[in-house]
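Just so you know, all these numbers are worked out from the coordinates, no wet-lab data involved. Since we're looking at a predicted model, the values are computed, not measured. Don't worry about glycine lacking a Cβ; one is built from the backbone with ideal geometry, like all the others, and counts go over all protein chains shown.
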Amino acid sequence: MNKQQHGLLLYREEDAKRNSRFISFLHEGALNHKMKLTLLTLEELTWKIENGTSPFHFEDGTSPDFLLNRSVSPWLNELAELQGIPVFNSSLVSRIANDKRLAHSYFQKKGVPMLTTLATTKNLLSLNNDILPFPYIVKDPNGRGGTGVFIINSKDDLTTSVPKLSDEIILQPVVENAGKDLRVYIVGNSIVGAVLRSAQSSEEFRANISTGGTSKFHELTQEETTLIKSIMKDIHLDFVGIDFIFGKNNELLFNEMEDAVGCRSLYMNSDINIADVFMKWVKGKVNDEV
């Protein structure tokens, strides 16, 4: 009889508390596919790297059969790969997904339509506040869930916002259709579903559910599907969310990719159990590695 595959599920403590329901779905999905998950938080771990032994292990000293890293720490994905442990997502995808500068650079080279994006620092912006015409958006390149995002309408706005900005930033012009976006969920390089999100008011430019936005399920057009498939070409996406904003002609423009993507809006608007879909994918991939 084959042993039950045992994986490590890694979260930051604060995120684990906020995502307890989704974590339970992942546990259920693992059991449905005859696997087991152990949840650990990044804060409770000590990584001992010594004498060629793996820093990934359970209390009994055994190593996990796979790692689901949702702690937004791509270096751990790389470390797992060095130890020969299957990790979801790969370190390449995790690096790209967790740095908006890398994401825009990577997909721009593939010809994916997107806004002009400037990467700079807070100090340089304060010295050259005319770097883009007002209004423009300033983002923390490592921010998630709509955090670290500001709209700058004037020099006064900039003066007020500078102390709140991260040291490294990206800037983008404001689209005409600000306040709505499309999140597409991908598992195993297949489109699982898409959700159209809208800001809570005309004054709010972020459409994130965590900032009070609303959402509904979206049936992708053939043109949208073709664009998304072009994004997946030559890169392997185990489980990500790809966010798009809308241009002046309502065309999709790449905005960001998340590898610890939130799934609340998908569960709210469909009967798709993406945690189970993902765990089925993990099962197949781990079996291929054995």
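Using modelled amide H (1.01 Å from N, peptide plane; none on Pro or chain starts), what sits under 5 Å from the amide H of Ser90, excluding residues fewer than 5 places away? Sorted by chain and number, the residues that satisfy this are Asp238. Amide H to amide H, with H built 1.01 Å from N, Val174 comes under 5 Å of Ile137, counting only residues 5 or more places away or on other chains. Contact order, relative form, for the chain: 19 percent (alpha carbon pairs under 8 Å, 6 or more residues apart, mean separation divided by residue count). Taking the Cα centre of the chain as reference, the dipole from Cβ charges on Lys and Arg (+1) and Asp and Glu (-1) amounts to some 320 debye. The residues neighbouring Gly29, those whose beta-carbon lies less than 10 Å from its own, together hold a net charge of 0 under the Lys/Arg +1, Asp/Glu -1 convention.
Dipole size of the stretch 96-227 about its Cα centre, with +1 on Lys/Arg Cβ and -1 on Asp/Glu Cβ: approximately 300 debye, rounded to the nearest 20. Residue-wise HN-Hα couplings along the stretch 176-189, as the Karplus relation 6.51 cos²θ - 1.76 cosθ + 1.60 with θ = phi - 60° gives them from phi, are 5, 9, 4, x, 9, 8, 10, 9, 10, 9, 10, 10, x, 6 Hz; Gly and Pro carry x.
The overall shape of the stretch 1-70, judged from the alpha-carbon gyration tensor, is oblate: a/c is not under 1.5, and a/b is no greater than b/c. Among beta bridges from DSSP that stay inside the chain, the antiparallel ones total about 70%. For Ile169, the residues whose amide H sits under 5 Å from its own are Thr120, Thr121, Lys122, ignoring neighbours fewer than 5 places away on the same chain, with H placed 1.01 Å from N.
When the Cα positions of Leu196, Asn123, Phe134 are compared along the charge dipole of the stretch 94-206, Leu196 comes out farthest toward the positive end, with charges on each C-beta of Lys, Arg, Asp and Glu. Normalised by the number of residues in the stretch 101-234, the mean separation of alpha-carbon contacts (under 8 Å, six or more apart) gives a relative contact order of 21 percent.
Classify the chain from the C-alpha gyration tensor, please: rounded if a/c falls under 1.5, else prolate or oblate depending on whether a/b exceeds b/c. Taking the square roots of the gyration eigenvalues as a ≥ b ≥ c, the chain is prolate.
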